[in-house]
1. Taking the condition of being free of Cβ contacts under 8 Å to residues at least 40 places away in the same chain and in a loop (DSSP other than H, G, I, E, B), how many residues in the range 34-48 meet it?
2. Of the residues that sit in the range 62-80 and are surrounded by 14 or more Cβ atoms within 10 Å (Cβ to Cβ) and of a type in the set (Val, Ile, Thr), which one is modelled with the highest pLDDT?
3. In the range 51-70, what residues are of a type outside the set (Val, Ile, Thr) and more than 13 Å from Gln26 (Cα to Cα)?
4. Determine whether Arg50 is closer than 15 Å to Arg83 by Cα and basic (Lys, Arg).
Amino acid sequence: MPFTPFWDILCGDYARKGGGQNMVEQITLGDVILTRKPHPCGGNEWTVTRTGADIKIKCNTCGHVVMLDRERFLRQRKAVVRRGESADNQKTEAVK
């Protein structure tokens, strides 16, 4: 059984997050997402250009770039239209 911090079990976070499975949303470079509200240019499709603590996204209609913290990004995202390349594929291509 994997190690689970006592505080997570006590607060119920462990069960609420699915018992430790998929606790972190997978966001990869190249993901195309839909946002809940449209951009002023009229588009609502964005491409992820940077991941980490902050997520950088680029509007597919006008090219405007926005940087959001991960929590806000996950709230404003409506759906993933298309997945980008997985991190494993990117690492193997970089090594070649």
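The values are calculated or read from the model by the stated rules, or taken from the named source; none is laboratory data. Bear in mind that the values here come from a model prediction, so they are computed numbers and not experimental data. Heads up, the Cβs are rebuilt from the backbone with ideal geometry, glycines too, and the neighbour counts pull from every protein chain shown.
1. Looking only at that region, the number is 8.
2. Ranking the qualifying residues of the range 62-80, first place goes to Val66.
3. Let us first name the residues in the range 51-70 that are of a type outside the set (Val, Ile, Thr), namely 52-54, 56, 58-60, 62-64, 67-70.
Scanning the range 51-70 gives Asp54, Lys56, Lys58, Cys59, Asn60, Cys62, Gly63, His64, Met67, Leu68, Asp69.
4. Values: closer than 15 Å to Arg83 by Cα: yes; basic (Lys, Arg): yes.
Considered against the rule, which asks whether it is closer than 15 Å to Arg83 by Cα and basic (Lys, Arg), Arg50 comes out as yes.
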